[in-house]
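What follows is a set of notes on a single structure, which appears directly below.
The values are calculated or read from the model by the stated rules, or taken from the named source; none is laboratory data. Only a predicted model underlies this, so the values are computations on that prediction, with no experimental measurement involved. Heads up, the Cβs are rebuilt from the backbone with ideal geometry, glycines too, and the neighbour counts pull from every protein chain shown.
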Amino acid sequence: MNLSARKRVIVIGAGITGLAAAHRMRELAGDVDVTVLEAGPRAGGVLETVRRDGYLIEHSADNFITNVPWAIDLCRRIGLGDELISTSTEQRGALVVHRGKIERVPAGFMLMAPARLWPMLTTPLLSPLGKLRLLAEWFIPRRKSAGDETLAAFARRRLGREVFENIVQPLVGGIYTADPEKLSLAATLPRFLEMERKHGSLIRAARAAENPPTQGAESGVRYGLFYTLRDGLTSLVERLVEKLPPGSLRLNAPVQSLRRDVTNAWQVTLASGELLAADAVIVAVGAPQAARLIGDVDETAAKLLGQIEYAGTSIVSLVYRRSEITRPLDAFGFVVPAVEKRRILAGSFSSLKFAGRAPEDQVLVRVFIGGALQRELAELPDDELRRIATEELRDLIGARGEPLLVDIARWPASMPQYHLGHTALVAAIEAAAARHRGLALGGSAYHGVGIPHCIHSGEQAAERMLAALRTT
Ligand SMILES: Cc1cc2nc3c(=O)[nH]c(=O)nc-3n(C[C@H](O)[C@H](O)[C@H](O)COP(=O)(O)OP(=O)(O)OC[C@H]3O[C@@H](n4cnc5c(N)ncnc54)[C@H](O)[C@@H]3O)c2cc1C
């Protein structure tokens, strides 16, 4: 794309959304000047890989899904195709805590849809009544009302209370660190809504999708769809930064405010007082920060952005010798239902999921603490978090002895919560933002929290801004 006069675009935030936006802008229009302003001392935002003493520890996200193309496509376009690795083929499956013991999530159960009935009928996770109630799902009519429904209400209505409390809540809670009683089904997992609409039953829909059924013991999610990069997700961040022209990423450059001047150009003020002008601005930060930044430009949009709530989590990574864990490690990790009233949300056996994370005779476990239902726990001091993680692992998987390594990562208010009405709220925010030529919002707050969705959101913002510049 050739733009007559050299245009300048400012991207605020160097998380994966902002970097994907800047990269897309340069990919499509090499003659556009792009500056990325990042408040912190490093790029990547939430994404952070620590490579230490022969271990590879992801501080937050450790994989991305490939049932949507955006992350895998970007990796290939920037030359990381050969670095992509899929989850190990061994030990696939998820565990769930039930009455203090670890049990297997029934094979074929995908977040909210049982593709196979036999494992559901033989699981110790459900009582005979719970199993009968699950079978009744086949005959439960579609919901008539078209209004938004919470994930919890949907799961209870279709699958019954036991399936919700013992399986769905912990699986979904583990992914979104959220309260399913508040989550909007349409905004978080619309494919299940679609399954009900199309097939009238989740069991029927899942069985149709699984035809012929996968053998093996996969449960929880479709592990074959999850990928990461051999050297960790930071390599995606590093490669995107390398691809930008030198000097276009400015670290330790928090943006204070945004406004338009009399000529309609954007004025970006840094906390240092420095003023930058731009033809277009992409705001790729969390909703509360975006609300503060665009408050002077559009009060309505700012108020709406302020309505998106966030939850936080802390991740304690621990390394044990395999010989010091008594439970067989025959899955990728476990999740903990809220009804179990424990102090952790989940434990992920990171080095079993992906190769090259820890030496063979050791295991790297990431323990998630906090989330929307236990906010106060995520904020405990380091020694408390460490104590909780080691005690819970001792109890649940028989991890004995002192861990060889303990690493703590804190993510306060980092996970947007797509509560009931989220889709309408985002539509209103986007309509308000669209009134301002040369302004785009992108990030995890809007159309999906996963890495691929953030990349897509950043790339789309870049494309919209290029289209706007072309018509200026
Ligand atoms: C603990 C955790 C685990 C996760 N696990 C997974 C997973 O396994 N798979 C997956 O797909 N997704 C996962 N996610 C979600 C995914 O990682 C995030 O949604 C995504 O990385 C967010 O990217 P972002 O660029 O939109 O936001 P961020 O990463 O938050 O980046 C925003 C950036 O903007 C900067 N900023 C803020 N205000 C300003 C300002 N005023 N001026 C300049 N800069 C500013 C911030 O410093 C930050 O660097 C996880 C998230 C968390 C928190």
Checklist outcome for this item: Those residues of region 27-49 which are surrounded by fewer than 17 Cβ atoms within 10 Å (Cβ to Cβ), away from the ligand (no atom under 13 Å from the Cβ) and outside any helix (DSSP H, G or I) amount to GLY30, ASP31, ASP33
Item to check | ILE429 buried (at least 22 other Cβ atoms within 10 Å of the Cβ), more than 19 Å from GLY173 (Cα to Cα), in contact with a helix residue (DSSP H, G or I) (Cβ under 9 Å, 6 or more places away or on another chain) and β-branched (Val, Ile, Thr) | outcome: yes
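Restricting the search to region 1-26, which residues are touching a helix residue (DSSP H, G or I) at 6+ places or on another chain (Cβ under 9 Å), exposed (fewer than 15 other Cβ atoms within 10 Å of the Cβ) and over 13 Å from MET465 (Cβ atoms)? Talk me through it step by step, then tell me what you get.
Step one: list which residues in region 1-26 are touching a helix residue (DSSP H, G or I) at 6+ places or on another chain (Cβ under 9 Å), which gives 1, 3, 7, 9, 11-26.
Those still in the list that are exposed (fewer than 15 other Cβ atoms within 10 Å of the Cβ) too: 1, 3.
Matches in region 1-26: none.
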Checklist outcome for this item: Flagged in region 66-78 as within 13 Å of the ligand (Cβ to nearest atom) and in a loop (DSSP other than H, G, I, E, B), in numbering order, are THR66, ASN67, VAL68
Next on the checklist: For region 356-396, give me the residue count where each residue is crowded, with 22+ Cβ neighbours inside 10 Å, assigned to a helix (DSSP H, G or I) and more than 20 Å from the chain's Cα centre (by Cα).
Outcome noted: 3
Next on the checklist: Return the pair list, or none, for Cβ contacts closer than 8 Å from residues in region 153-178 that are among the polar types (S, T, N, Q) to residues that are assigned to a helix (DSSP H, G or I), at least 6 apart or on different chains.
Outcome noted: ASN166/GLY130; ASN166/VAL339; GLN169/ALA152; GLN169/ALA155; GLN169/ALA338; GLN169/VAL339
Checklist entry - Within region 429-438, is there a residue that is closer than 30 Å to GLY30 by Cβ, among the small types (Gly, Ala, Ser) and touching a residue at least 24 places away in the same chain (Cβ under 8 Å)? => result yes
Next on the checklist: Return the residues of region 50-65 that are in contact with a helix residue (DSSP H, G or I) (Cβ under 9 Å, 6 or more places away or on another chain) and away from the ligand (no atom under 12 Å from the Cβ); say none if nothing qualifies.
Outcome noted: VAL50, ARG51, TYR55, LEU56, ILE57
Checklist entry - Pairs, please: C-beta under 6 Å, at least 6 apart or cross-chain, first residue under 27 Å from ASP179 (Cβ atoms) and assigned by TED's automatic domain parsing to the domain that holds GLN362 and in region 310-335, second part of a strand (DSSP E or B) and basic (Lys, Arg)? => result SER314/ARG410; ILE315/ARG366; SER317/ARG366
Checklist entry - What strands (runs of 3 or more DSSP E) completely inside region 231-298 contain at least 2 residues that are out of contact with any helix residue (DSSP H, G or I) (no Cβ under 7 Å at 6 or more places or on another chain) and within 11 Å of the ligand (Cβ to nearest atom)? => result 266-270
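Looking at GLU299, is it acidic (Asp, Glu) and assigned by TED's automatic domain parsing to the domain that holds GLU58? Let's see the steps before the verdict.
Numbers: acidic (Asp, Glu): yes; assigned by TED's automatic domain parsing to the domain that holds GLU58: no.
Criteria not met by GLU299.
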Checklist outcome for this item: Here the residues within region 425-472 that are of a type in the set (D, E, K, R) and either under 19 Å from ARG260 (Cβ atoms) or away from the ligand (no atom under 16 Å from the Cβ) (or both) are GLU430, ARG435, ARG437, GLU463, ARG464, ARG470
Next on the checklist: Given the options ALA206, ALA271, name the one that is modelled with pLDDT of 95 or more, touching a strand residue (DSSP E or B) at 6+ places or on another chain (Cβ under 6 Å) and among the small types (Gly, Ala, Ser).
Outcome noted: ALA271
Next on the checklist: If I filter region 340-355 for residues that are modelled with pLDDT of 95 or more, in contact with an Asp or Glu (Cβ under 8 Å, 6 or more places away or on another chain) and surrounded by fewer than 22 Cβ atoms within 10 Å (Cβ to Cβ), do I get at least one hit?
Outcome noted: yes
